[in-house]
Amino acid sequence: MPLLILLVVPLFAAVVLAFVGDRKYAPEINIAGSAATFLAGIALALDVYNNGPMLAGNKFFFVDAFNVYLAVLTSFVSMTTAIFSRRYMRREREHGRVGHWGMRFYHAMFQLFIFAMFLCLLTNNIGVLWIAMELATLSTVLLVSLYRTPTAIEAAWKYFILCGVGIAQALFGTVLLYFAAEKVLGEGGEALLWTNLIQSSGKLEPTILSLAFVFLMVGYGTKVGLVPLHNWLPDAHSEGPTPISAVLSGLLLNIALYALVRCKAIVDGSTHTHYAGNIMMGFGIISILVAAFSLLRQKDIKRMFSYSSIEHMGIATFAFGLGGPIATYGALLHMLVHSLAKSSIFFTVGHASQMHRTQDMDKIKGLIRGKPLVGWGMMFGAMAIVGMPPFGIFTSEFLILTATIKDAPLMTPFLLLGLAVAFAAVFRKVQPMVAGEIPPYQKSMKVAHLPMLLHMAIVLAVGLYMPGFLNQWFHKAVQILK
Amino acid sequence: MDIQTVAQIINFLAAMVLLTAFGMLVQRRIYGLIHLFAWQGLFLSVSTAIVGYAAGRPHLYISSVLTLTLKVILLPYILNALIHKLKIRKEIETVVNVPLTMLIGIALVIFSYSLTAPVREMSTLVTRSILAIALATVMIGLLMMITRRHAVTQIIGFLAMENGLFFAATSATYGMPLVVELGVAIDILIAAFIFGIFFFHINTTFDSLDVEQMARLKEGE
């Protein structure tokens, strides 16, 4: 039942919001829809927590500890983003950056995007997973071009074409996977179900699966934003509206990584080697290094933090590739804390750029004096994202580093180099923005407190003390991915 | 029909699909490009129907009809209408270095054959030999998107890739389950809607559909 609500509410809200359009109460409907989804997410999690993994809807849906935690995270961040976007988008409307149709579009597509992500997470069928992933891309393409500036249209076109091409490779991989599975499981829908594939992964033909994984890696890796397939990501994140940057960075990248990790489990189960893991580790480490050095050169604030997303997705991909209980646990935790911290940073970045009417980092100054909440929010956000203790990202990165020293010692210097460069780069850029005098063109404005504070509080809390249920949850997920 | 004849017809159609893919790679005129795309869809649709008949899979008939309506009639019609409305010139662009592009295309075909060799060995289907051609069609679509600089051409390259994928699904496993194929078709329809909107946006913002002009987002400006 909660599962049904989780899927139906966003879809229903999308339709309602398409009709409500630019009316005054549209943001409130958006928030209400997301809040209902969040409650359903909690209910579903409790269900799985008490009764274990479950199948529903004629085996069409499948929920276990791994995807339910991502579902709760998705519903939570989408709720806080809806709260944030109420003030933010209203202000954009006042400034005339979005028109009447733009607002209608924004709200409807936001909910449709949330729906697509839930479908990705909860479906048991890898074909449907692919369709939902494509739907998630398509629903955000027009959101990225919402401002209709030449750069926004360019960014959206790039996003559309690159992710379209990428995801086409993933479909070819899925076809190959189906080809191998059909021999064992018989034809029809049964051969595309996660649950069946995992159970009989040992019987699947290893050569075909190795071939399939290359295509799946390129396909879903494009969506995760891994180097060298990352070109669309900084553009899309910097040109779209800030709430969309927050959900793209905090949620969509996670979902794509989720798909990849599930595929990896099947492929490694079939080949009995560490083949898929090694490929993921390679992509991960290159992403970390390239993103860390790119961070140094950025001038646009949203662009900089999107490179930071590439770096963190690289870390998570690397850790999942490394495998083993500690690294997998670290990767799961990393996905959680990164998406919370990064969306919180994008909230403060949104406020900061609205206060200065620019995204140019040289022109953003004196945030702490001008608006302490935004200034300190960005400062603490930056501290969290570079992995300073006692924030949760420190814990996850520490776990991943420990596992690396133990299982892949040769990779340790590269990982450390990437982390150190990113640390230096982010601090060098953030410090002048938050400190200093208030520039004359800075305008004070009302900010959305709740989303920022809530996210940072959770990131901090997880770093200080790991609650028992979350710990147990992750341990169950680690068991599944073993 | 005995199995030999069917295999020959299917192989012939596969060759035609590949031929149209190469045709698109070098076609300069935009209407010619759309025609070739429609022809490719037709070959695809007919071969799907024949495979469905030979293998006794009625659900392939649905896929075949879907391809026919979507890729032979609807999408070319939409593209034609858009081009007419946006008043795009007939000669869209000069393709840089045709012989080189062709050579890369040929290399991609050979690469596809070697890549899919293990699949061919394992498969027992009538259609096993065309998986390589399907992959080559995907790759050539990709090549077209990289080498051509016009928004319409890139979209046709994208759709040609989709054709290749569909072909791969038919040839490797007699088609994906129907839920998946329907979902993919819906996705393509939404994509068509979106690129329609995009053509208008790009055209009004940049005064042309030449993607070359979209190069403002670069590192370290």
Fill in: Nearest-ten-degree value, helix A:150-185 long axis tilted from longest Cα axis of chain A
10 degrees
Discussion item. Could you order the peptides A:225-234, B:187-196, B:99-108 from most to least packed, using the average number of other C-beta atoms within 10 Å per residue?
Written reply: A:225-234, B:187-196, B:99-108
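Ratio of Rg to Rh for the stretch B:57-172, alpha carbon only, Kirkwood?
Answer for the stretch B:57-172: 1.04.
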Item to complete: Return the ratio Rg/(2.2 N^0.38 Å) for the stretch B:143-221, where Rg is computed over Cα atoms only.
Response: 1.39
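Could you tally the net charge around A:Pro53, taking each other residue with its Cβ under 10 Å from the Cβ of A:Pro53, Lys/Arg +1 and Asp/Glu -1? Could the numbers behind the result be given before it?
Values: positive: A:Lys476; negative: A:Asp64.
Net local charge, A:Pro53 excluded: 0.
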Worksheet item: How much space per residue, in cubic angstrom, does the convex hull of the C-alpha atoms of the stretch A:240-343 take up?
Response: 83 Å³
Discussion item. Starting from the Kirkwood Rh over alpha-carbon pairs, what translational D in µm² s⁻¹ does the stretch A:167-315 have by Stokes-Einstein at 20 °C and 1.002 mPa s?
Written reply: 133 µm²/s
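In square nanometres, what is the average projected area of the Cα convex hull of the stretch A:85-127?
Here the figure is 3.8 nm², rounded to one decimal.
Where does the charge balance sit around B:Trp39 when Lys and Arg score +1, Asp and Glu -1, over other residues with C-beta under 15 Å from its C-beta?
+2
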Discussion item. If packing is taken as the average count of other Cβ atoms within 10 Å, what order do A:457-467, A:159-169 fall into, highest mean first?
Written reply: A:159-169, A:457-467
Item to complete: Determine the distance separating the Cα centre of the stretch B:93-134 from the Cα centre of the stretch A:173-225; give it in Å without decimals.
Response: 22 Å
Worksheet, complete the sentence: Counting only protein heavy atoms with a 1.4 Å probe and every protein chain in place, the carbon and sulfur fraction of the accessible surface of chain A in whole percent equals 68 percent
Worksheet, complete the sentence: Hull volume per residue for the stretch A:330-482, using the convex hull of the C-alpha atoms, in Å³ is 112 Å³
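Starting from the exponent 0.38 and prefactor 2.2 Å, build the expected Rg for the stretch A:1-142 from its residue count and divide its actual Cα Rg by it.
1.08
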Worksheet entry | Neighbouring partner chain Cβ atoms per residue of A:211-219, average, 10 Å criterion | 1
Fill in: Once the Cα gyration tensor of the protein assembly as shown is diagonalised, semi-axes √(5λ) in Å
40, 30, 24
Worksheet item: With a 1.4 Å probe, how much accessible area is buried between chains A and B, both sides summed, in Å² to the nearest hundred?
Response: 4500 Å²
Practice prompt. Report the one residue of B:Leu60, B:Tyr77, B:Ile10 whose Cα lies farthest in the direction of the positive end of the charge dipole of chain B (charges on C-beta: Lys and Arg +1, Asp and Glu -1; origin at the Cα centre).
Written response: B:Tyr77
Discussion item. Longer than 32 Å from Cα to Cα, which of A:Lys24/A:Lys59; A:Lys223/B:Lys87; A:Lys59/A:Lys482; A:Lys429/A:Lys476; A:Lys24/A:Lys371 are they? Say none if no pair is.
Written reply: A:Lys24/A:Lys59; A:Lys223/B:Lys87; A:Lys429/A:Lys476
Response to the item:
If every Lys and Arg gets +1 and every Asp and Glu gets -1 at its Cβ, then about the Cα centre chain A yields a dipole, in debye to the nearest 20, of 1420 debye
Item to complete: Kindly report, to the nearest 10 Å², the accessible surface of A:Glu187 as traced by a 1.4 Å probe over protein heavy atoms only.
Response: 100 Å²
Worksheet item: Say the dipole of chain A comes from +1 at the beta carbon of Lys and Arg and -1 at that of Asp and Glu; which of A:Leu143, A:Leu3, A:Phe179 then lies farthest toward its positive end?
Response: A:Leu143
Worksheet item: Counting every Cα pair in the stretch A:353-397, what percent are over 15 Å apart?
Response: 52 percent
Worksheet item: Cα convex hull of the stretch A:337-421: mean projected area in nm², to one decimal?
Response: 6.3 nm²
Fill in: Accessible area per residue in Å² at 1.4 Å probe, computed on the stretch B:145-200
22 Å²
Practice prompt. Please list the helices of chain B that count as membrane-span-like by this rule: a mean Kyte-Doolittle hydropathy of at least 0.0 together with Cα atoms stretching 18 Å or more along the helix axis, each helix being a complete DSSP H run.
Written response: B:3-26, B:30-55, B:98-115, B:131-147, B:151-173, B:178-206
Item to complete: Would you mind getting the accessible area per residue of the stretch A:360-474, heavy atoms of the protein chains only, 1.4 Å probe, in Å²?
Response: 49 Å²
Worksheet item: For the peptides A:137-148, A:23-34, what is the packing order when you average, over each peptide's residues, the other Cβ atoms within 10 Å and list the highest mean first?
Response: A:137-148, A:23-34
Worksheet item: Along the charge dipole of the stretch A:378-468, Cβ charges K/R +1 and D/E -1, which of A:Phe398, A:Pro409, A:Leu454 sits furthest on the positive end?
Response: A:Leu454
Practice prompt. In whole Å, largest first, what are the principal axis extents of the Cα atoms in the stretch B:11-73?
Written response: 41, 23, 9
Worksheet item: Per residue of B:210-217, what is the mean number of Cβ atoms on other protein chains within 10 angstrom of that residue's Cβ?
Response: 4
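Normalised radius of gyration for the stretch B:44-85, please: alpha carbon Rg relative to 2.2 N^0.38 Å, two decimal places.
For the stretch B:44-85, the normalised Cα radius of gyration is 1.45.
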Worksheet item: How large is Rg over Rh for chain B, taking Rg from the Cα atoms and Rh as the Kirkwood inverse mean of 1/r across Cα pairs?
Response: 1.00
Item to complete: Over the alpha-carbon set of the stretch A:413-482, divide Rg by the Kirkwood Rh and report the Rg/Rh ratio to two decimals.
Response: 1.15
Worksheet entry | Inter-chain shielding of B:167-173 (mean C-beta neighbours from other protein chains, 10 Å cut-off) | 5
Worksheet, complete the sentence: Highest GNM mean-square fluctuation among B:Leu70, B:Leu60, B:Leu178, for chain B with Cα springs under 10 Å, belongs to B:Leu178
Worksheet item: Using alpha carbons only, how many degrees (0 to 90, rounded to 10) separate the axis of helix A:468-481 from the longest principal axis of chain A?
Response: 50 degrees
Response to the item:
Computed about the Cα centre, the charge dipole of the stretch B:1-136 from +1 Lys/Arg and -1 Asp/Glu charges at the Cβ has a magnitude in debye, to the nearest 20, of 480 debye
Practice prompt. Considering only B:Ala14, B:Ala136, B:Ala55, give the residue with the highest GNM mean-square fluctuation for chain B, with springs between Cα atoms whenever their separation is below 10 Å.
Written response: B:Ala55
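The values are calculated or read from the model by the stated rules, or taken from the named source; none is laboratory data. Everything numeric here is computed off the predicted structure, so don't read it as measured data. Methodologically, a virtual Cβ is constructed for each residue, glycine included, from the backbone with ideal geometry; neighbour enumeration extends over all protein chains shown. When the accessible area is computed, the model is the full protein with side chains, heavy atoms only, and any ligands, DNA or RNA have been set aside. Shrake-Rupley method; radii C 1.70, N 1.55, O 1.52, S 1.80 Å.
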